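Worksheet for the structure shown next.
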Ligand SMILES: Cc1cc2nc3c(=O)[nH]c(=O)nc-3n(C[C@H](O)[C@H](O)[C@H](O)COP(=O)(O)OP(=O)(O)OC[C@H]3O[C@@H](n4cnc5c(N)ncnc54)[C@H](O)[C@@H]3O)c2cc1C
């Protein structure tokens with residue numbers, strides 16, 4: 001049987017990535033989750049999302065990069081992306097993975113690259129640092145903390161916390177104390193039970209606990225989920241605390257649960273669509289397939305044919 005675990009293992013395979021990138025069906029399947037390959041191609045889809053009442057977070061796909069040339073290319077793409085957001089007056093911020101900025105080569109390199117992007121994005125464009133596997137959590141939070149609390153801090157940034165990690169309650173308290181903006185998600189990587197809660201019930205219960213802390217004491221939390229139960233919990237907490245809907249935002253992925261996205265906007269909530277682009281779509285798409293068992297059979301068939 002194809003399991004979430006197997007798909008997440010496949011997400012890390014360079015060989016399968018090579019197969020998939022040359023497979024027509026796999027390419028077609030990825031298009032559901034990816035807005036385009038180039039900055040030029042995504043401008044119109046983003047404008048359309050804005051017109052329908054959504055804000056956007058743009059992610060240039062790429063992770064675990066160890067070629068300095070590729071890292072420089074990523075930085076350059078983000079700089080052009082920031083320019084594009086401004087010149088087209090898009091209602092969009094950006095999301096970045098630190099391994100795409102060189103964290104696997106050296107944290108200092110990733111930190112330098114991030115600071116360069118934050119300066120280019122300041123003051124008005126917010127830069128969200130995505131959270132990757134637990135092997136990267138400490139390094140990611142340290143880079144964020146150092147930049148956010150430096151003598152001359154760069155404040156147009158925030159991080160992501162994953163409710164499947166056992167450590168996250170402590171991390172949330174630290175980020176609340178720093179006054180940092182947090183996106184809360186469940187977590188998308190394959191993790192060991194020593195570091196992550198193994199059952200969905202535990203992950204969901206922790207999500208609601210962390211959500212409550214962030215809505216009570218955090219700064220403009222990003223509530224990233226497609227789970228109606230988590231969304232209902234957020235609305236209940238908002239009502240209990242008598243918060244206005246501009247004190248937080250819901251976030252969902254491009255192409256996932258579109259009707260629910262529309263519904264929340266028409267109910268008066270803020271909704272940001274995480275919108276990836278670029279040609280390194282394989283690991284991202286595999287993680288999306290792992291989240292939706294109904295797509296597994298089709299995915300595997302296309303890989304095998306490839
Ligand atoms: C805006 C945003 C940013 C994110 N950033 C990160 C990050 O930085 N780091 C990280 O580890 N993870 C990130 N994630 C992914 C997240 O951790 C989860 O893996 C993912 O959102 C699925 O969890 P869920 O909350 O939607 O709940 P689940 O319990 O997984 O799903 C609830 C329901 O939503 C629907 N659904 C969920 N996913 C899909 C899908 N792919 N296709 C179709 N239907 C689906 C299904 O109907 C499912 O029953 C992000 C997610 C979002 C929405």
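The values are calculated or read from the model by the stated rules, or taken from the named source; none is laboratory data. Values in this document were obtained by computation on a predicted structure and should not be read as measured data. Positions of Cβ are generated from backbone atoms using ideal geometry, with glycine treated the same way; all protein chains shown enter the neighbour counts.
Are there any pairs, at least 6 apart or on different chains, whose C-beta atoms fall under 7 Å, with the first in segment 267-286 and at positive phi and the second at pLDDT 95 or above, and if so, which?
Final answer for the pair search is 268/245; 278/60.
Condition check ((1) loosely packed, with under 15 Cβ neighbours inside 10 Å; (2) within 18 Å of residue 108 (Cβ to Cβ); (3) free of Cβ contacts under 8 Å to residues at least 40 places away in the same chain) across all residues:
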residue: 141; (1), (2), (3): no, yes, yes
residue: 147; (1), (2), (3): no, yes, yes
residue: 156; (1), (2), (3): no, no, yes
residue: 159; (1), (2), (3): no, no, yes
residue: 163; (1), (2), (3): no, no, no
residue: 166; (1), (2), (3): no, no, yes
residue: 171; (1), (2), (3): no, no, yes
residue: 175; (1), (2), (3): no, no, no
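Say whether the condition of being more than 16 Å from the ligand (Cβ to nearest atom) and at pLDDT below 95 is met by at least one residue in segment 26-34.
Yes, because at least one residue in segment 26-34 is more than 16 Å from the ligand (Cβ to nearest atom) and at pLDDT below 95.
For segment 187-224, give me each residue that is within 15 Å of the ligand (Cβ to nearest atom) and within 25 Å of residue 147 (Cα to Cα).
187, 210, 211, 214, 220, 221, 222, 223, 224
I need a count of the residues in segment 78-96 that are in contact with a helix residue (DSSP H, G or I) (Cβ under 9 Å, 6 or more places away or on another chain), buried (at least 17 other Cβ atoms within 10 Å of the Cβ) and closer than 19 Å to residue 130 by Cα.
Of the residues in segment 78-96, 7 are in contact with a helix residue (DSSP H, G or I) (Cβ under 9 Å, 6 or more places away or on another chain), buried (at least 17 other Cβ atoms within 10 Å of the Cβ) and closer than 19 Å to residue 130 by Cα.
Looking at residue 94, is it within 28 Å of residue 271 (Cβ to Cβ), within 16 Å of the ligand (Cβ to nearest atom), part of a strand (DSSP E or B) and touching a residue at least 40 places away in the same chain (Cβ under 8 Å)?
Values: within 28 Å of residue 271 (Cβ to Cβ): yes; within 16 Å of the ligand (Cβ to nearest atom): yes; part of a strand (DSSP E or B): yes; touching a residue at least 40 places away in the same chain (Cβ under 8 Å): no.
No.
Quick check: is even one residue across segment 117-125 within 14 Å of the ligand (Cβ to nearest atom), over 19 Å from residue 60 (Cβ atoms) and not in a helix (DSSP H, G or I)? Before you say what the answer is, go through the steps one by one.
At the first step, the residues of segment 117-125 found to be within 14 Å of the ligand (Cβ to nearest atom) are none.
Looking for residues that are within 14 Å of the ligand (Cβ to nearest atom), over 19 Å from residue 60 (Cβ atoms) and not in a helix (DSSP H, G or I), one finds none in segment 117-125, hence no.
Tally time: how many residues in segment 56-67 are at pLDDT 95 or above and away from the ligand (no atom under 11 Å from the Cβ)? Give the derivation first.
The first filter runs over segment 56-67 and keeps only residues at pLDDT 95 or above, leaving 56-60.
Among the residues that remain, those that are also away from the ligand (no atom under 11 Å from the Cβ) are: 58, 60.
The qualifying residues number 2.
Residue 56 fails exactly one of the following numbered conditions: (1) in contact with a strand residue (DSSP E or B) (Cβ under 9 Å, 6 or more places away or on another chain); (2) farther than 19 Å from residue 155 by Cβ; (3) free of Cβ contacts under 8 Å to residues at least 40 places away in the same chain. What is the number of that condition?
The single condition residue 56 does not satisfy is (3).
So, in segment 41-74, exactly how many residues are surrounded by fewer than 16 Cβ atoms within 10 Å (Cβ to Cβ) and within 30 Å of residue 108 (Cα to Cα)?
Of the residues in that region, 7 qualify.
Can you tell which of 196, 170, 233 is under 27 Å from residue 6 (Cβ atoms) and at pLDDT 95 or above?
196
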